[in-house]
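The structure appears below as C-alpha cells.
The values are calculated or read from the model by the stated rules, or taken from the named source; none is laboratory data. As the structure is a prediction and not an experimental result, all values here were calculated from the model. Neighbour counts run over all protein chains shown; Cβ positions are idealised from the backbone, glycine included.
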Amino acid sequence: MSLEVHVARQAVFDRTNNVVAYELLFRALPDATATTRNDELASWQVLSASFLDIGLDSLLKGRRALINVPRSMLLDDRIRSLPSDVIGLEILENVQPDAEVLAACRELRKLGYLLVLDDYTGLPEFDPLLELVDWVKVDFRAISGADSVRIARRLKERKLRMLAEKVETVEERDSALAAGYDYFQGYFLHRPRVVSGRTLNARHNTKLKLLTLLGADQFTLEKVEAAIAPDVGLCYRLIQYSNSARFGAPREISSLRQCLMRLGENETRRWMTFVLLPTLAAGRSTEIIDAALIRARMCELLAEEAGLKLAKSLAFMAGMFTLMDALLGAPMREVVQQLGLGEELASVLLGRSEGPLGALVRIVESYERASPQELEPHCRQLLLPVGVVADVYLRALQWTAEVTETGVPAK
C-alpha cells in the first residue's frame, strides 16, 4: 500500500537549551481509503525516508532520533535492525502493557535502545512500563500545572528522565524546569519573552542597518557598501568571501565595490544573512538559527516550484524574518516598525497578507506543525502539489546542515 507521508522534526532540549534529540514527526495525508494501519505504515516510511532519501546525518546532526512506535511495530522483528545508538523508540500512549509488550521492551532494552513512554498521565496501569523505559513524556497541554508537578515528583522517585512536551512559551518551560523536568519539547523558543517598547541593541548598529536593508523594498549594492564600510571586520570577511574559489575568480580584489559587483545582489543578500544570524542569536540556542534558515530555504524553493513571479531573495527573506521576533526578543509589530521593512514583507509578518508570499509562509508553518489539514488549502492557492512540500523540507534540511557545518552560504 502506498501512503504519502509528511516528515518533519522537532527538537528536544536539555535544561540548558542544547538539542539532545529530534522527534521525527509524521502525518499521513487524509485518505478516505486509509486503513487503521496508517500509523505503522507511516512510521516505516519515515524511517525509510530518513535513512535512504536524506540520511540521518543531515536530519539529526549527530543527535538521537525519537520515533513513534505503535504496538504492532514494537513487536515487529524488523525494528531490531535499526541502530540502537541512534534510534529512540517512543511507545505510544495507547499501547497496553500486556505480556507481549513487556517482553519486547525487555529485549529492546537489552539491545541498547532508548525507550520512551509517551503522554504519561499517572495512570497506575502503566506502572509495569515505568520499570523498563528510560524517559517519560508528559503532555503539558493535556494536564494541569498541579498534575505536572505531582507526576514529576513521582517519576523522580523512580529516577526516570522526564520530558515535558508541547511546551509553547518560555514561562511554561520555566515552570517545567522548576518542577525538575530534564528535557523540553515544543515551540517555546519561537515564542520567547518579548519586551514591548524595547529598542533594538545599538551595539550591533551596523548589523541592524544591514538587517533593515535585507527587508527593504529597494535593495541596492550601493546602500550595502555604505552600511558595511564603517565595520572593518565585516569588510575583511566580505573581501575574503568574494575571493574564495567558489566564484572562480581569476584575480583577487580588494575593494568593497569590486566585491559586491562580483557577488551580485542575490549572493550579497545570502552572505549578509549568514553574517547576521549568529550575531542576532547570541546567547540563544543555535536551533533557532537552523529553524530560520530552514524556513528561508523552504520559501525560496517553494516559490520556484510554484513558478511564482517573486524575487528569490524576497521569498528567502520572508521565511527568515518569520522568526525575527524570537531572534531579537521584541514583538513582531515593533520589529517591523523599527527596521522599516518593506510593505509586502511587513504585511506577511503581521499576518495580513493573502497573496502568494503569505501563502508560502503559511505552507512552511503548517508543515512544521505536521498539519496536512492546514497545509492543503494553502497549497491549492498556489496550485502546488502537497507532496512537493515534503521534498522541499528535506532539501532545506540538507542545505541547512551543509551551510551551518561549513559556514558557506551554498547556492
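Overview of results
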{"quantity": "Checklist (1) at pLDDT 80 or above; (2) within 30 Å of residue 394 (Cα to Cα); (3) of a type in the set (A, V, I, L, M, F, W, C) applied to residue 216, failing item", "calculated": "(1)"}
{"quantity": "Selection within region 57-93 - free of Cβ contacts under 8 Å to residues at least 60 places away in the same chain, within 13 Å of residue 21 (Cα to Cα) and not hydrophobic (A, V, I, L, M, F, W, C)", "calculated": "62, 63, 64, 85"}
{"quantity": "Candidates 340, 329, 351 - the one that is surrounded by fewer than 20 Cβ atoms within 10 Å (Cβ to Cβ), in the same structural domain as residue 279 (by TED's automatic domain parsing) and farther than 18 Å from residue 190 by Cα", "calculated": "340"}
{"quantity": "When residues of region 182-212 are limited to those that are out of contact with any helix residue (DSSP H, G or I) (no Cβ under 6 Å at 6 or more places or on another chain) and of a type in the set (Ser, Thr, Tyr), the one modelled with the highest pLDDT", "calculated": "183"}
{"quantity": "Selection within region 265-301 - out of contact with any strand residue (DSSP E or B) (no Cβ under 9 Å at 6 or more places or on another chain), modelled with pLDDT of 85 or more and among the small types (Gly, Ala, Ser)", "calculated": "292, 296"}
{"quantity": "Test: residue in region 384-398 that is out of contact with any Ser or Thr (no Cβ under 7 Å at 6 or more places or on another chain), buried (at least 20 other Cβ atoms within 10 Å of the Cβ), without any contact (Cβ under 8 Å) to a residue 40 or more places away in the chain and not in a loop (DSSP other than H, G, I, E, B)", "calculated": "no"}
{"quantity": "Complete set of residues in region 93-107 that are in a loop (DSSP other than H, G, I, E, B) and either crowded, with 18+ Cβ neighbours inside 10 Å or touching a Phe, Trp or Tyr at 6+ places or on another chain (Cβ under 8 Å) (or both)", "calculated": "93, 95, 97"}
{"quantity": "Some residue of region 21-28 being at pLDDT below 60 and not charged (D, E, K, R)", "calculated": "yes"}
{"quantity": "Number of the condition not met by residue 351 [criteria: (1) touching a residue at least 40 places away in the same chain (Cβ under 8 Å); (2) on the phi > 0 side of the Ramachandran plot]", "calculated": "(1)"}
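Let's see how each residue does on (1) under 21 Å from residue 213 (Cβ atoms); (2) part of a helix (DSSP H, G or I):
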position	(1), (2)
301	no, yes
335	yes, yes
354	no, no
359	no, yes
363	no, yes
367	no, yes
377	no, yes
